[in-house]
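The values are calculated or read from the model by the stated rules, or taken from the named source; none is laboratory data. Fair warning: this is a prediction, and the values are worked out from it, not measured in the lab. Glycine gets a Cβ as well: all are built from the backbone with ideal geometry, and neighbour counts include every protein chain shown.
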């Protein structure tokens, strides 16, 4: 179960060493924005060493690499892919061709490293107007794509609009991302809430992202992880209702009834589907807690 994804700078060993103990479902070791150009090589080596030493057994691992328009991305892959992280997050992905270029490069490295093809998944970061308009093609580009991720800071700069806490300027982007991901049958992750000190704001923003259909949300601070995890976890009330729905369906089938109601509301297929999703989510969270 991947609800929260926590960014950790790839050049800060004192932070990385605690990566699997910060409560996030996934940690993103960052080789891109958090690392200055003259520190790229050192950060790459540090991240490689950290993965080998720490193992990140209690958390899913993502490594964010530099974009295809830089000289760094291939070295990032050569250094990191042989260690078999769960996900590689390429930045500024503009179309399906970018994904296929990365897929081919990763396949080559997997083969050289003795890894099965497709071991390392992709979660393209969509943060340009072009990428947003091509979101559906990116999401469906190849089986290696496990999810897509919205990067609102760079996107709003590309759109030439201010980035606000309210997020009205990214409503269209959020909607398009969710639709593209669900059409492709993959997960979708919301952009971080960037005010580290606004505890009420992160709760509101995470709850809104869940209401739009996002699978989870990124965090730039451990302080936000708990709020995100709670927002993307079903409440006990939701879980109880889901079990009631499935029990009502079971009884209706036993009695040969085609139409049923629960608490005065007709139970149709979408309600059953949501109930099944709620229970699956609750069980996945419980399973993760028992690792």
If you take just the helices (runs of 4 or more DSSP H) that sit entirely in the range 214-291, which of them hold at least 3 residues that are under 16 Å from the mean Cα position of the chain (by Cα), closer than 30 Å to residue 20 by Cα and at pLDDT below 90?
-> 269-289
Is one or more of the residues making up the range 59-74 modelled with pLDDT under 95 and more than 15 Å from residue 31 (Cα to Cα)?
-> yes
Tell me, which helices (runs of 4 or more DSSP H) wholly within the range 89-187 include 3 or more residues that are modelled with pLDDT under 95, touching a strand residue (DSSP E or B) at 6+ places or on another chain (Cβ under 8 Å) and within 21 Å of residue 66 (Cα to Cα)?
-> none
If you go through 69, 75, 98, 41, the only one that is more than 19 Å from residue 4 (Cβ to Cβ), touching a residue at least 40 places away in the same chain (Cβ under 8 Å) and over 18 Å from the mean Cα position of the chain (by Cα) is 98
A careful count of residues in the range 203-253 that are surrounded by 17 or more Cβ atoms within 10 Å (Cβ to Cβ) and touching a strand residue (DSSP E or B) at 6+ places or on another chain (Cβ under 7 Å) gives 16
